[in-house]
Each structure stands twice: as C-alpha cells, then as structure tokens.
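For reference, the structure discussed in these notes is given below.
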Amino acid sequence: MMIEHVPNSDDIRLTFARSIEPLVTCMIDEKRELFKSREMWYLGMAPFFCLIHNIMLSDEGRSVMLSYNKLLPFIAQACCWRINRDDIVTDAMWLKLDASVSAACYDAQGVLYLVLDTSEFMGPLNLIASTPLLVKDPKCHVSIIAGFIQMMSNEKQIDTHFLKCIIDILIVNDKVDAQVIAELIKFGKRDDSSDQFVLKLMLVILGFDEEHDDIEKSDTRFAVAIQSGLLELVGKNGATEESILIAEALCTVSMHKKTSYALREKRSEISSVLLDNAQSSSTELVINIHDSLVFGTTYTCCNCLEEFDRSSVRFCSGCNVECYCSLSCQSESWKMGHDKACKDISNHIEELRDQNISETDIKRFEVLQNNVMMAGCRIIQLESDMLDGNDVLVDFRQYPTIIKPIIKDDIDQSDGCLKCTFISPVMYSSIVGNVVLHKCISSTRALKQVKVKVLSDTE
C-alpha cells in the first residue's frame, strides 16, 4: 500500500519515520548479523530505499530520517555500489542477485536526489559531498560526487538523468575538490556527447557562470582544471559558447600565480591541441588561449623587452616585481624611473600587511604583479608600431586585451621615455581593486623594437 493514497498520509509518514529506527540500524549494519541469510539483505535493500523515499516525501518525516546516525552516508554510498563496492557486486553475482543490487542503486539515487532537491539545510549537503565511497577502507578519499562521475563514465545500469541532477546540485552549492574537477574533465573527454555538460559545469566551478555569481572566481581551481586537461577539452570542443566563455575567463586569470604555473607546465600540449583543431575552432577562441599562453608563460625583461630563459631571471630586490635579463638592464631601468616605482610598489605591499592580508595572498599578489609587468612589456614589444610619440595603457581586464595609445603633450615629448600603465584584475577576495603598475621604458629601447619589428616583417 502506497502511503500517498491514504488520508492524513503525512501523519502516517511521520509515524513510520519515528518507528523504523531498528530497521534502519539493521539494514545499514555492515555485519548484517540480524538477517537469516545474505540473500535476505540483498532482496530487502531496494524495498528499503523505496520505503525511505516514501517517508521523506513529508518534511517532518524527512527531518526524522535524516537524524538517524549514518543513514545518509549509507544512502549516498549505495548510489555507487555498482562501480565502487566490488565486495557487494561480487557477492551479489555469486548469489545471482545482481538485479537486486542494480535496483537498490537506482532507488538510492532517487532518495538522494529527493534529499538534495528539497533540503533547506547545508548539513546533508556537506555530509553527502564529503562521504567516502568505500566504507571499509579508511584510506579511501574518493568523494561521492567523484564516484557519480565515474559511474557516468562506466554506464553500467545507471540512470544518467538522476546522476546529472545530483552532480549539478552539489557543484552549484560549491561542493568541489581537485578530484572532482579531474574526474569531470576525464568524463568530458570520453565522447562528444559529454563535453557540453562538463564545460557548463566547469564554468560554474571556476566562478564564471553568470547564474551562479555567488561562487568566487578561483585561481586554484583554474590551475587544477588546466593540469587535468581543461584547455585540451576546450580546443577539441571547437567554437561552442561554453568553450569561448572559458577561453575568455582564462584571459582574466592567466597571469595569476597558480594558473600561470599550470600554463607553463602544459604549454606544449595546449599549443598542440590548438594547432590540430584550429580549423574547427573560432578565431576568437584560438586568440584568447594563445594570448593567455604568451602572456602567462613568457619571461620578458622589463627593460630591453626581450624574452629570456627562466634560469637567467633577476628580480629587483626592493619590489620583487620587475625582473631583468642582466645587471646592466636592471641598472638602466633604475635610472629610467624604477627607483620611484619600486618604492610605490613596496609601500603598497606594506599597506596590505596593515590591512591584515595574509602573507600567502601577499605573495600571490607579488607574483601577479610580476606577471602583469612582464606581460605588459611583452605587449609593448609586440605592438611597437603604436609607440611613435605616444604613451600606452594596457588593460588586461578585457578580452582581448585593450591597448590604448595616449598622446603625449609637447612638454613630455622630450623626456626620453615611453610611459606605460598596466592594469589587471585581482582574483583574491581579500585584496580589493586591480593591479595598476606604471613603467618607464627608454625611448631608445622602444625605437629599437620598432626597427627590429620592421626588419623582421620585411624579410
């Protein structure tokens, strides 16, 4: 008899909820000592989840059921038995009760979706997201959400719609770790039917989905996603809306500490995928990823504007932001006005410390400033034809990057230097505002770059 067809059914659900604690304890007991045989436990599991689902259709019944110790983790684990509990699956096969395990998994997914879809409390959500898959192995750190993604990859008698709904709810509520990101991208690479679903969720995870603006943009998650193959997936996916949005998002974070390191490590693989898929990808997509690779991974001398090897880097000991390929370039930059800029940068860092900003975020901010400075100098080199008589504003907050010439007045014409301003967004919530850096470059150096570019273009 189904409870919903009975008058005052919510009262009956509450009565059932308050009276079946012994049954719950019996069913979730790993030893199964209260059953006459293992077969009875397997045969009773699917009806047990159906009963739980029926009781939880009532708010009060759901509240009572969720108060029972270990019930919710057991339900979450049951959703993934077929892929992560070899002991249960093997046992059921020997007993010829494999269909019972499949039915139990399916019914458990229905219960879990009901809990996530109707609960107004974060407690169940946190518990489900952090529940390990293997009850017997305390060393197992695979989360339920990663298990669900593995199940979709495996496609063994599962309800994909249920799993996608559960995964979506957990991700939208920011229940994500590095393992989830890696599993999700791995699933997206499986076939063309999976990548759209994955890229939509990745926009949420990275904090660039407009419908879920409460999730903060994350340098750490972007770096993990890049290391897990996100940009290869974007390149293969072609000119879809999700791919273009992720490429645009990359432009705003490519110079942050962890993302820039990840780009350096994966630069060759990403470049290879872009080259292989250039025809199927939009020009906008390719340009945005290419620019992110160039500006987030190259080392540029902040004086002569030439690229140089990482092993030759020389940081200014005062600000730790400008870097040079040689001692002579460092000395020339100091004379060109870095002495003042260095003090301004150092004073800003001290102001951040006075605001109780953590040393970790301050270090990240310093790395960001350095990357912005090198990227800005790199753009000055690449766009040297804009330098004639102009100062330059380089704005990394837009994609593609905005390069705006600023006409000098007559008084400034003879000062012998090109004045540059570089602006970039900051991803750390504790540091408000943008990076704004000022740089003076010798007009002689700038003109040299123009001549070098003209010569290379005519050859």
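At a glance:
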| quantity | calculated |
| --- | --- |
| Wholly within segment 12-115, helices (runs of 4 or more DSSP H) carrying at least 3 residues that are under 22 Å from residue 127 (Cα atoms) | 21-28, 38-55, 59-66, 71-78, 81-84 |
| Segment 407-433 - residue that is surrounded by 12 or more Cβ atoms within 10 Å (Cβ to Cβ) and over 18 Å from residue 367 (Cβ atoms) and, of those, modelled with the lowest pLDDT | 412 |
| Residue that is within 22 Å of residue 297 (Cα to Cα), surrounded by fewer than 19 Cβ atoms within 10 Å (Cβ to Cβ) and without any contact (Cβ under 8 Å) to a residue 40 or more places away in the chain, where the choices are 211, 265, 248, 241 | 265 |
| Options 41, 81, 94: the member that is among the aromatic types (Phe, Trp, Tyr) and at pLDDT below 85 | 81 |
| Residue match in segment 280-289 (condition: outside any helix (DSSP H, G or I), among the hydroxyl-bearing types (Ser, Thr, Tyr) and surrounded by fewer than 21 Cβ atoms within 10 Å (Cβ to Cβ)) | yes |
| Residues of segment 21-60 satisfying the condition of being within 39 Å of the chain's Cα centre (by Cα), small (Gly, Ala, Ser) and closer than 21 Å to residue 88 by Cα | 46 |
| Residue in segment 76-115 that is farthest from residue 151 (Cα to Cα), counting only those that are touching a Phe, Trp or Tyr at 6+ places or on another chain (Cβ under 7 Å) and of a type in the set (Val, Ile, Thr) | 111 |
| Subset of segment 83-109 (residues that are within 38 Å of the chain's Cα centre (by Cα), surrounded by fewer than 19 Cβ atoms within 10 Å (Cβ to Cβ) and charged (D, E, K, R)) | 86, 87, 98 |
| Any hit, segment 316-324, residues being surrounded by fewer than 22 Cβ atoms within 10 Å (Cβ to Cβ), within 20 Å of residue 380 (Cα to Cα) and in contact with a strand residue (DSSP E or B) (Cβ under 9 Å, 6 or more places away or on another chain) | no |
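Okay, residues lined up against (1) assigned by TED's automatic domain parsing to the domain that holds residue 197; (2) more than 26 Å from residue 381 (Cα to Cα); (3) aliphatic (A, V, I, L, M):
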{"residue": "215", "(1), (2), (3)": "yes, yes, yes"}
{"residue": "230", "(1), (2), (3)": "yes, yes, yes"}
{"residue": "244", "(1), (2), (3)": "yes, yes, yes"}
{"residue": "252", "(1), (2), (3)": "yes, no, no"}
{"residue": "284", "(1), (2), (3)": "yes, no, no"}
{"residue": "287", "(1), (2), (3)": "yes, no, yes"}
{"residue": "290", "(1), (2), (3)": "yes, no, no"}
{"residue": "307", "(1), (2), (3)": "no, no, no"}
{"residue": "311", "(1), (2), (3)": "no, no, no"}
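The values are calculated or read from the model by the stated rules, or taken from the named source; none is laboratory data. Note that this is a predicted model, so its numbers are computed, not measured. Every residue, glycine as well, gets a Cβ built from its backbone with ideal geometry; the counts of neighbours run over all protein chains shown.
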